[in-house]
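To keep things clear, I will list the structure first and then write my remarks on it.
The values are calculated or read from the model by the stated rules, or taken from the named source; none is laboratory data. From a predicted model like this one, the values you see are computed outputs, not experimental measurements. Glycine gets a Cβ as well: all are built from the backbone with ideal geometry, and neighbour counts include every protein chain shown. Ligands, DNA and RNA are stripped out before the accessible areas are found, and what is left, the full protein with its side chains, is counted by its heavy atoms. Shrake-Rupley method; radii C 1.70, N 1.55, O 1.52, S 1.80 Å.
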Amino acid sequence: MADVAKVAVESPLPHLDRLFDFSIPEALDADALPGCRVRVRFHGRLVNGWIIERGPAEFDGALQPLQRVSGPPVLTDEVLGLCRRVADRYAGTLTDVLRFAVPSRVAAVEGRPPQPPASTPAATDMGVWAPYGLPDQGVSTWICHPHDDPFDMLARAAVDTVARGGGAVLVVPDARDVRRLHAAVSALCDPELVAVVSAEASNRVRYRTHLQILDGSRRIVIGTRSAVFAPVTDLALIAVWDDGDDVLVEPQTPGWHAREVAALRAWQVRARLIVGGYTRTAATAQWLVDGTAADVRLSREAARERRYRVDALVEPDADRRRIPARAFAVVRSGLEQGPVLVQVPRAGAATGLICAQCGHPIRCSRCGGGVRPDRAGRPRCRLCHELKHACASCGATDFVGVGAGSQRSAEELQKAFTGVPVIRSDADSGVLDTIDAAPSIVVATPGSEPRVPGGYAALLVLDTEVLLARSALRAREEAARRWMAAVAVTSAGAATMLVAPQDLPVVQALVRNDLASLADMERQERTQAHMPPAFRCVRLRGTSSAVSEWLAGYSGEVLGPLETADGSEALLLASRDRASGMLHAVQRIQADRSKAGRPPVEVRVDPVDLGEG
């Protein structure tokens, strides 16, 4: 009996997440290979699909034939298996994930002869990794010293991997990081070995790059989040830089995180995985507790010798001004040596509550989530929806809102330092890549800090309560990540001043140069609250009736539902040993509702924005 094509049909409907048999016309037999795109007639409509495999039919009746085979095989077995695991991990469908793994077809770039292979680079000097004790294999969670160059270190790891006969995938949050990393890798090897996968490129360029990676001529792939799926030959190293950046989360269904996809892929192909940043996330701190990752950071002796200076307010009540006298002194002293960086929160992006008496951010005593006023003006946790909050530091119940922007900061500093250039770098006034080393004050929002030769002479971080009072579960983790990114662009001897109470744990972590303890504290608190990463969490969003109907078919730990401006929201929670059962139940309920034509409910697994809104 002739083989049939087993096709995954591109459809958003969960109950169609399976393979369908199609007959193969004789004229298409030679081209209809696993990994090819096809056009098929499905329920009376022409739709796209993927040939997953060929084999005997599982249906006795007449089969619809393939209508067209669109191009060569561009989906490898390894990437296909990864996509299936990602779909199950995020309670999605296979074709939901495939659209990110393979770029859209551009027929004009097909059929070109492969490029001659670039010369294999010699093994590079890995001495920069020596103080960190990077293992030769397995998973590593890496805290990079802010005055080391992480892009040079990752470039060396990638080139060394290629020199040993393997391939490498390096994932970074944004295009600016891609450019820096590409320059670092190209300085160590033939640029023809390197492929760049970025959303900034056109479909034509992305598809041509995909074909070059497939033919094995590009052994190192650098890119943003979707690069984690690149079909690199003999993949031996995957690295994800700055995994706490929420840009690494795909906003479209099913909402996968590049870090988690990298972990799944590394396990699948037995590749080495390096996940790092200037801080450590609670997610990778959990890996240490699970025993699945190595703790890669400077040795105690090296860290002591290379201590970077961070100060904060010892007695914040003594000077409650937005820019206290000690902060002005740091700026004034820094200007004697060069430019000074002033980091302020992203304009209009953060709101929250702080205690009117002691100034500490208000967080929920039950789950640790951020507290914001609800529609009635009552302080309510945005995560577990608890009311009646009090300040954990002093017990007061009078709270005030917080919020700030870069324009106000620039105006205040210009008045205080007349004659000194004050430069803004933010989304409103334009993001600068670099500035010269002349004395100036640069007011920048997180992620917009321009670089300066030799680094800034001093750093002042203002309005810290804005980030700390955000209602998101990850508020403190995100604050530390943003502040450390600013420390990383200062000079080795620069002074950093956080305008924040020194006794806050997140501030203490920076003052003591101990980001590992902060990550572990975050992990422990979330474990006690039954929150990720120790627990799996599924967020449901939809109309009130749809969410209530959905929950009627589910048995397990549920928070909510909570009525919101857009409908209703609920959280499903399960310990990690029971997470697989919860996710299978979610997929089953979604498929059953889809088949019955019930109103849709949005599903997100372990969303990074828990508690926001």
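Based on this model, can you work out whether residue 46 counts as part of a strand (DSSP E or B) and either open to solvent by less than 60 Å² (accessible area, probe 1.4 Å) or farther than 26 Å from residue 269 by Cα (or both)? Judged against the criteria, residue 46 is a match. Here residue 483 meets each of (1) touching a strand residue (DSSP E or B) at 6+ places or on another chain (Cβ under 8 Å); (2) open to solvent by 20 Å² or more (accessible area, probe 1.4 Å) with one exception, condition (2). Does residue 406 satisfy the criteria of being crowded, with 19+ Cβ neighbours inside 10 Å and modelled with pLDDT under 90? Yes, satisfied. When region 507-525 is filtered for residues that are touching a residue at least 24 places away in the same chain (Cβ under 8 Å) and under 18 Å from residue 243 (Cα atoms), the ones remaining, listed by number, are 515, 516, 518, 519, 520, 522, 523. For region 212-223, the count of residues that are closer than 17 Å to residue 83 by Cα and surrounded by 24 or more Cβ atoms within 10 Å (Cβ to Cβ) is zero. Within region 148-167, being closer than 25 Å to residue 303 by Cα and either of a type in the set (Asp, Glu) or open to solvent by 10 Å² or more (accessible area, probe 1.4 Å) (or both) holds for 148, 149, 152, 156.
Within region 343-354, is even one residue surrounded by 16 or more Cβ atoms within 10 Å (Cβ to Cβ), modelled with pLDDT of 75 or more and of a type outside the set (A, V, I, L, M, F, W, C)? Yes, that holds for at least one residue.
Restricting 39, 68 to those that are modelled with pLDDT of 95 or more, open to solvent by 10 Å² or more (accessible area, probe 1.4 Å), touching a Ser or Thr at 6+ places or on another chain (Cβ under 8 Å) and over 17 Å from residue 211 (Cβ atoms) reduces the list to 39.
Filtering region 268-292 to residues that are open to solvent by less than 20 Å² (accessible area, probe 1.4 Å) and in contact with a strand residue (DSSP E or B) (Cβ under 6 Å, 6 or more places away or on another chain) leaves 271, 273, 274, 275, 276, 280, 284. In region 84-138, the qualifying residues are those that are of a type in the set (Asp, Glu) and outside any helix (DSSP H, G or I), and the one that is least open to solvent (accessible area, probe 1.4 Å) is 110.
Quick one: in region 520-561, which of the residues that are of a type in the set (S, T, N, Q) and within 28 Å of the chain's Cα centre (by Cα) is surrounded by the most Cβ atoms within 10 Å (Cβ to Cβ)? Looking at the filtered set, the residue picked out is 527. Here is the figure for region 434-471: residues that are open to solvent by 10 Å² or more (accessible area, probe 1.4 Å), more than 17 Å from residue 490 (Cβ to Cβ) and under 22 Å from the mean Cα position of the chain (by Cα) total 1.
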